[in-house]
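**Student:** There's a structure below that I have some questions on.
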Amino acid sequence: MAGAAATATVAGAVERRHTITMKKAAPESSHPKPAPAALPSRLKRSKEAAKAPTRREWLALKPVRNPLLQWRDEEGVIIIEIHRAQSWKTRLLNLVFPLPERHSVALDAIGSTVWRAADGEATVEQISKRLARELQIERREAEMSLQQFFKELGRRGYIGFKMDEAQNPAAST
């Protein structure tokens, strides 16, 4: 999913450039899935644990780009600059393995379109409708692809989600 290529910058430092592509969701199989094995009681989620949002709740979320990230648009492709954390571990590791001060993540054309739309104003549903219309795919397929793409961006800390106060049950208490 993410490939790395070394490129020389003008300053002579080396940066790593990753590419994140948005994949089409695999079609759902008609074969029944095996039942999950029972988890030991110590590994089960507690009832107080946060539940996964329903489809309706997820579609109402508004993706927001991480304001601490620097990014730029180069000819329709979004390049996200990631600076290395300056902790004692990275400084120690840098003594043995020279690490670049920063690396770049390049989004493909579709990912760049989604990144621009993740402004905190548009909902996931609005973005998926736009994506389905532009790519001429089914809306459900666009939703599933967006879900995987946002999951990867969220795992990396590139985006977060916000919801309206009217939809937030914690805000009404």
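**Student:** Would you call Glu134 at pLDDT below 95, touching a Lys or Arg at 6+ places or on another chain (Cβ under 7 Å) and either loosely packed, with under 15 Cβ neighbours inside 10 Å or assigned to a loop (DSSP other than H, G, I, E, B) (or both)?
**Tutor:** Spelling it out, it is not the case that Glu134 is at pLDDT below 95, touching a Lys or Arg at 6+ places or on another chain (Cβ under 7 Å) and either loosely packed, with under 15 Cβ neighbours inside 10 Å or assigned to a loop (DSSP other than H, G, I, E, B) (or both).
**Student:** Considering Trp58, Trp88, which residue is farther than 27 Å from Glu143 by Cα and at pLDDT 50 or above? Please lay out each step first, then the result.
**Tutor:** On the way: Trp58 fails: farther than 27 Å from Glu143 by Cα.
The conditions single out Trp88.
**Student:** Looking at (1) within 10 Å of Pro63 (Cα to Cα); (2) over 15 Å from the mean Cα position of the chain (by Cα), which one does Phe161 not meet, given that it meets all the others?
**Tutor:** Result: Phe161 fails condition (2) only.
**Student:** Are any of the residues in the stretch 105-115 surrounded by fewer than 18 Cβ atoms within 10 Å (Cβ to Cβ), closer than 20 Å to Thr54 by Cα and of a type outside the set (Ser, Thr, Tyr)?
**Tutor:** No, there is no match, as no residue in the stretch 105-115 is surrounded by fewer than 18 Cβ atoms within 10 Å (Cβ to Cβ), closer than 20 Å to Thr54 by Cα and of a type outside the set (Ser, Thr, Tyr).
**Student:** Next question. Identify all residues within the stretch 138-155 that are more than 19 Å from Ala60 (Cβ to Cβ) and surrounded by 16 or more Cβ atoms within 10 Å (Cβ to Cβ); write none if there are none.
**Tutor:** Glu141, Glu152
**Student:** Then there is this: Among the residues of the stretch 73-123, how many are assigned to a strand (DSSP E or B) and within 19 Å of Gly160 (Cβ to Cβ)? Explain how you work it out, then say what you get.
**Tutor:** Of the residues in the stretch 73-123, the ones assigned to a strand (DSSP E or B) are 73-74, 77-83, 102-107, 119.
Those left that are additionally within 19 Å of Gly160 (Cβ to Cβ): 78, 80-83, 105, 107, 119.
Count: 8.
The values are calculated or read from the model by the stated rules, or taken from the named source; none is laboratory data. Keep in mind it's a predicted model, so treat the numbers as computed, not measured. Glycine also receives a Cβ, built like all others from the backbone with ideal geometry; neighbour counts cover every protein chain displayed.
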